[in-house]
Structures are given as structure tokens and as C-alpha cells.
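Engineer: Pasting a structure here, questions to come.
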Amino acid sequence: MNMKIHTEDCFDILVAGAGLAGIRAAVSCAGKGMRVLLATPSRLCSGSSFYPMMDTIHCLCTAGPDDREAFMKDIRDCSWSMNDPWMGQYYVDHIEACLEHMAETGIHCHKLPERKLACFGHTERDLCYWNDWDRLRWEVRNVLDSQERITVAEHRELVQLLTVEDRINGAVLLGPDGLEALPVKAVILASGGMGNLYLHSLNTADISGSAHVIAMKAGARLINLEFNQFIPGFLSPAYKTVFREGSLRYCTGLLGPDGQDVLRQLLPDQDAYHECLLLREPHGPFTTADASKYFDIALMKSALKNIQSGGGVMDQSVGCVIRYSPDILHDSRGHVRDYISWLSREHDIHIERDPISIAPFFHAANGGIQVGHDCSTSVKGLYACGEAAGGIHGADRLGGMASGSCLVFSTLAADSASSYAAGMPSTPVTLHQARAQMEESYASCRPYGVHGDTPIPPMPASLPQPPAVFICRRVRALMWQHASILRSMEGLKSTLDEINALALLADTHCRPDSCAGSEQLRSFLKAHQYVDLSRALLIAMMERNESRGSHYREDAPDKDDVHYLHRISIGLEGNRYDVREMPLISSSTAVLP
């Protein structure tokens, strides 16, 4: 495809992603005098912070200065030692101020009337929230339009970082009219997590983890990739609707297609049914921390059984039907009452009588692009924040800290990137540089070489879709089946073997220079990104041969502090994945300067 050099405007900082983290970063950078290009592959106010199939988004705040020590204890307890305590302390010390300044972005948040236990927390705290996505989008757009230093580029996707002398000097974006290279002094990746790498996710389609691969190819590293959060979501009615776990105390049955209760069939103690539901109710994501894990395991086993019995075809209508007592209509808790009202108003779903089919969905990534305490990566001029950044959270994460981290660390990333860019000259990019670096990035898919090369199974002689479409769909199916709730060395290894075959297919048939238009190029690049990122996740899951927090290995169901009390960092060295065991960060280093 043709590529042009962007010369009309000169930007100091490119912010990739227009969700909560990207918007906050752009406004903060502009406030420091930077000229900002805010680019998003979809539209303004995208990503998990504005997920349309959820009634509201919550943000966890401290309950005053006296709560900070207890807040840090909750962070430590749920991280399973896999987080960065310095960043946890930074969150605790800055979240209140960040919420006070949130209106600067056009987003006005409110407090729930009652304090609430966040997922995995032990102390009730204030939960702030925002909703009404169309209104928020209109208000955010008005704010950004009033900022002379911010240019919003919707439907512009980052596909390549450009470097000179091991530092960022530009980027390549893909839009409706093709590829465009532009010079920038710094880049902030605020592109969200990787939910669309999975068949079922509670993310929008633009949240695919592409920036993780782009950053890794530029020299950055990824960390904590095995710690992903899965929560129940609606298969029907209203596919991809977020399930509210606070309703579980009223559950009267979790029924498979045969009408049998799948949870009762799995529980080791048949008398612990209600106890399991009550343990599961305080937290949305799956965890191995307590016996509530049987709820999610039952959901997943039932879904996989039905897929296998259907000849491998994934039928979105097959799941477990959850039944409720009518008593749920009299629940006085605001977050449950609002949820029931929203389902009825927006989707005509009456929770007490309508059959609701649920299954585990990918929800959020606790890991991501490895960053330092200034949100910088190992590439000079490259920063990451929000769900794209890894290392802030551990094996589990307090509920409401994901959105809060978008605010806190996007502000920090903006401060760091602005200080860096202010001292850097603008270095022009050339078509030769852009084409050469893009060609190098997509010249071949990186083979898996941590445990030695393995035989690659052949692909079908004829494919039902174009190769790039087939690759993406197959990766998403494989990851949901073998790299979500239930993981084992055998399943991960066989999945990796097939994805290696898909990588060979991508290398053979998915070439940027053979694409006829923007959509075809986007599809081909996505195929490369999917196989590269899925292999990194699978490697991390194989390397952690234990169960810890959100990472559950059926063949190693217990936590192993003797062999796995470290974090796993993955990068690319030449054409191979480089895996490193990162020592834990002592809590004594969590004192802020």
C-alpha cells in the first residue's frame, strides 16, 4: 500500500487510545504546553471505560487519609506478591486528587450512596461511577474541541512505532485512506487491554492488544501476561452484557443444556452450594483464592463440553442458564437495584423470570507493557498507561482500581512524556525509514523458541475464509478454550503448536505489501499481531506451573512460593521470545520520594 508523510502539523506527543486513560493523558499533556495527536482506531470515548453493555463504571477511591494504610493492605493481599507496591502506594496517594480533576476531561463522576466492598477488598470504601455513554461522549468532545493543542484523529490506528538511535521519533497510523507516517517526540500507549484476543470478551472490538505487540517489536517488554480477569457475561439475551455478581445470593440454579445444575455436579461438598454463591458474590472476577472458584469452573466445563459435543462449532446460544428467586426484586443495595432497572429499561430483560445464559468472558488484563515508576518503557520516548500498562496490578486486582489506574497513571505518564518531549528536538521521518522498519516488524512471525522448536501441524488445504480472517478467528477460539479459566500444560502446549502453524500461515499469506486497501491491510496486520501476542500469553501461562490468583492450572492447582515467587517478563530478542524471571519488588521500596 502507499504511504504518505504527515507534514501539515507537527506534534510533540502521540497518544494512542481514546478511552479514559488516553483522554486524561491528552488533556494533561496539552496543559503542559504539548501539541498532542489523540488517535483511536474507533471513536472517541472507546474502550473498557465506556463499555456500552454495562450499566455503569466504578472507580475505587480511598475513604480519606486514614484509610491509606488499610487500602495498601488490601492491595498487597489480593496481588499475591505479583504487583509493584510503589505503584500501589502512588495510586493510594493520588486517586482523590485525580478524581477531583476528572471534570477537566468532560467526565463528571458521582459517588454511590453507600460505601461498598470492592472486589477482593476487606474495607468498605467510596465507589465513584459514571454512565450515560452518549452524553459523556458529547461532553468530552466539547472539551477536546476547545483545546487548541489537541487534535483528535478517530479511526486512525497505530500500526508501527518508528525509532532512531533507540528512541521514538515517529509512528505509522492506518486510516481509511491508507498509511500515514508522522514525526513525534514521544508516544503514550493508552490503548487498553487485549480482550478481543478471546472469542468471548466484555471489551469492544478495538481492544485487541495490538499496541502490546507493536511495543514489543520496538524493544519494550511485557509482564504478568498470565494474570487476566474473567467474569461471567451474557451469551443471551443481549450478548456481551456484563453480569452483576451481587445478584448471586438469589441464584436458585445454574442449569446446563440438559437441565442439570452444573455447580451441584462439580462441588466436592453438596451442602456448600449456597456458601459457594456467597463467597462468589463479593467479587466479579474468577480467582483461585477460595472455594468460589467452583462457580466459574462449572461454567467453563459446561461450555467446553457443549462445544465438543457440537463438533467444535462455538454456538453463542449454549451456556448455563441462571435462575433467580423473585426476592431479588426487593434488594435494597443500590448497585443491584440499578442493575435490575437497567436490564429492564435498556434490554427488556426481567431478571426474575427471563432465562439468562452466561459463560466466562475475558474482562481485563492485569498484565501488559512493562513500565517503570514514571510509566516509561525500555524504549526512550515510549510510555504506557491504563490497562495497556503491566506491573501495576498483581495476580488479582481490587475492583474499581482499573479505571482509577487509568486516571492516576495516565496523569503520571503525561507528566513524564511531556518532560521528556520538552527537551527533545523533532526528528523528521522518511518514507524509507517507515517502510523499512514496518517491513522488518512484519517480515516474519517470531517462532516460539523458549522450550525448543516443535513440529508444526499442517493447516487445511483450503480455508473457509481469507487467511487473515481465518487466523484471527481461530486464535480467538483457541485462546478462549485453552487459555481462559481452565489451563493445563497439555492444553497450552497443543494450542501453542497450532498457533505456530497459524503463524506460518500468516507469514506465507499475510504480507502488508500485497494488500489492496486499508481494510485488507488492517486484517493482515491483525493476524500477525494475534499470533505474536497469543504466543506471549501462552508462554507466560506455561512458565507459571502453579495456580495463583486469576491464573489457574488444572494440572498444578496449588500455589508454589518455592519455585514461582517471581514475575514473568517477556520480550523479543532477534526472532525469539526472551523470558525472564523478575524478582519481586519489596514493599520497603514503596515509599514515594
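Engineer: Give the share of C-alpha pairs in each 10 angstrom bin for the stretch 191-262, from 0 to the last occupied bin, in whole percents, shortest bins first.
Structural biologist: 16, 36, 26, 16, 6, 0
Engineer: Further question: I'd like to check one number: the per residue accessible area of the stretch 104-192, probe 1.4 Å, reported in Å² as a whole number.
Structural biologist: 43 Å²
Engineer: Between T123 and S344, what length comes free when the chain is fully extended (0.36 nm per residue of separation minus the Cα-Cα distance, one decimal in nm)?
Structural biologist: 76.4 nm
Engineer: May I have the pair-distance distribution P(r) for the stretch 309-430, computed from all Cα-Cα distances with 10 Å bins from 0 and rounded to whole percent?
Structural biologist: Histogramming the stretch 309-430 at 10 Å steps yields 10, 24, 21, 21, 15, 7, 1 percent.
Engineer: Here's a follow-up. Taking only Cα atoms of the stretch 25-143, what ratio of Rg to Rh do you get with Rh as the Kirkwood inverse-distance radius?
Structural biologist: Taking Rg over the Kirkwood Rh, I get 0.99.
Engineer: Considering only protein heavy atoms and a probe of 1.4 Å, how much of the accessible area of the stretch 364-429 is carbon and sulfur, as a whole percent?
Structural biologist: The value for the stretch 364-429 is 58 percent carbon and sulfur by accessible area.
Engineer: Could you give the distance between the Cα centres of the stretch 356-374 and the stretch 205-255, to the whole Å?
Structural biologist: 6 Å
Engineer: Defining a contact as two alpha carbons under 8 Å apart and six or more residues distant in sequence, what relative contact order in percent does the chain show?
Structural biologist: 22 percent
Engineer: Now for a different question. When only DSSP loop residues count, what GluC sites (Glu not before Pro) in the stretch 1-97 have their Cβ near at most 12 other Cβ atoms within 10 Å?
Structural biologist: Loop-located and lightly packed - E8.
Engineer: Of the listed pairs K185/K380; K73/K111; K32/K185; K73/K559, which have alpha-carbon separations greater than 18 Å here?
Structural biologist: Too far apart for the 18 Å limit: K73/K111; K73/K559.
Engineer: Another question, if that's okay. Please compute the modelled spin-label separation between D177 and E165, points set 7 Å along Cα→Cβ, answer in nm with one decimal.
Structural biologist: 3.3 nm
Engineer: Right, another one. Report the GluC sites (Glu not before Pro) located in the stretch 110-206 that are in a DSSP loop and have at most 10 other Cβ atoms inside 10 Å of their Cβ, or state none.
Structural biologist: E148, E165
Engineer: Indicate, rounded to the nearest 5 percent, the antiparallel portion of the DSSP beta bridges found entirely in the chain.
Structural biologist: The antiparallel proportion sits near 70 percent.
Engineer: Nearest 0.05, what FRET efficiency do L329 and D132 give at R0 = 30 Å with Cβ-Cβ as r?
Structural biologist: Between L329 and D132 the formula returns 0.80.
Engineer: Once every DSSP H run of n ≥ 4 in the chain is given -39500 (n - 2.57) and the sum is divided by its residues, what mean residue ellipticity at 222 nm do you get, rounded to the nearest 500 deg cm²/dmol?
Structural biologist: Value at 222 nm, helices only, nearest 500: -11000 deg cm²/dmol.
Engineer: Follow-up. So how far, in whole Å, is the C-alpha centre of the stretch 468-491 from the one of the stretch 74-90?
Structural biologist: Distance between centres, Cα-based: 30 Å.
Engineer: Turning to a different aspect of this structure: Express in nm, to one decimal, how much length is gained between E498 and K380 on full extension, taking 0.36 nm for each residue of separation and deducting their alpha carbon distance.
Structural biologist: Separation in residues times 0.36 nm, less the Cα-Cα distance, equals 39.0 nm.
Engineer: While we're on this one: Are there chymotrypsin sites (Phe, Trp or Tyr not before Pro) in the stretch 216-273 that DSSP puts in a loop and that have at most 15 other Cβ atoms within 10 Å, and which ones?
Structural biologist: Counting only loop positions with at most 15 other Cβ atoms within 10 Å, the chymotrypsin sites (Phe, Trp or Tyr not before Pro) in the stretch 216-273 are Y239.
Engineer: Taking the Cα centroid of the stretch 492-571 and of the stretch 1-30, what is the distance between the two, rounded to the nearest whole Å?
Structural biologist: 28 Å
Engineer: Counting only residues 5 or more places away or on other chains, whose amide H sits under 5 Å from the amide H of M582 once H atoms are built in the peptide plane?
Structural biologist: R567, I568, S569
Engineer: Can I ask one more? With N set to the residue count of the chain, report its C-alpha Rg divided by 2.2 N^0.38 Å to two decimal places.
Structural biologist: Compactness ratio reported: 0.92.
Engineer: What does the extension gain come out to for A97 and Y239, with contour length at 0.36 nm per residue minus their alpha carbon separation?
Structural biologist: Gain on extension, A97 to Y239, equals 47.5 nm.
Engineer: Quick one: if the Förster radius is 30 Å, what FRET efficiency do A436 and D578 give, using the C-beta to C-beta distance and rounding to 0.05?
Structural biologist: Result of the calculation: an efficiency of 0.80.
Engineer: Return the FRET efficiency for the residue pair H274, E104: r is the Cβ-Cβ distance, R0 is 56 Å, and the value is rounded to the nearest 0.05.
Structural biologist: 0.75
Engineer: Within the stretch 155-192, find all residues whose amide N lies under 17 Å from a label point positioned 7 Å from the Cα of Q520 along Cα-to-beta-carbon.
Structural biologist: The answer is 175-179.
Engineer: Given the convex hull over the Cα atoms of the stretch 94-212, what projected area results after averaging over all orientations, in nm²?
Structural biologist: Taking a quarter of the hull surface, the average projection is 11.1 nm².
Engineer: Continuing with the same structure: Using Cα positions and a limit of under 20 Å, work out the lysines in reach of K526, with same-chain residues fewer than 8 apart set aside.
Structural biologist: Counting by Cα, and skipping residues close in sequence, K526 has these lysines nearby: K217.
Engineer: Let me ask something else. Please compute the alpha carbon radius of gyration of the stretch 151-234, then divide it by the globular-protein estimate 2.2 N^0.38 Å. Two decimals is fine.
Structural biologist: That ratio works out to 1.24.
The values are calculated or read from the model by the stated rules, or taken from the named source; none is laboratory data. Computed from a predicted structure; not experimentally measured. Positions of Cβ are generated from backbone atoms using ideal geometry, with glycine treated the same way; all protein chains shown enter the neighbour counts. Surface areas here come from the heavy atoms of the whole protein model, side chains and all, with no ligands, DNA or RNA. Shrake-Rupley method; radii C 1.70, N 1.55, O 1.52, S 1.80 Å.
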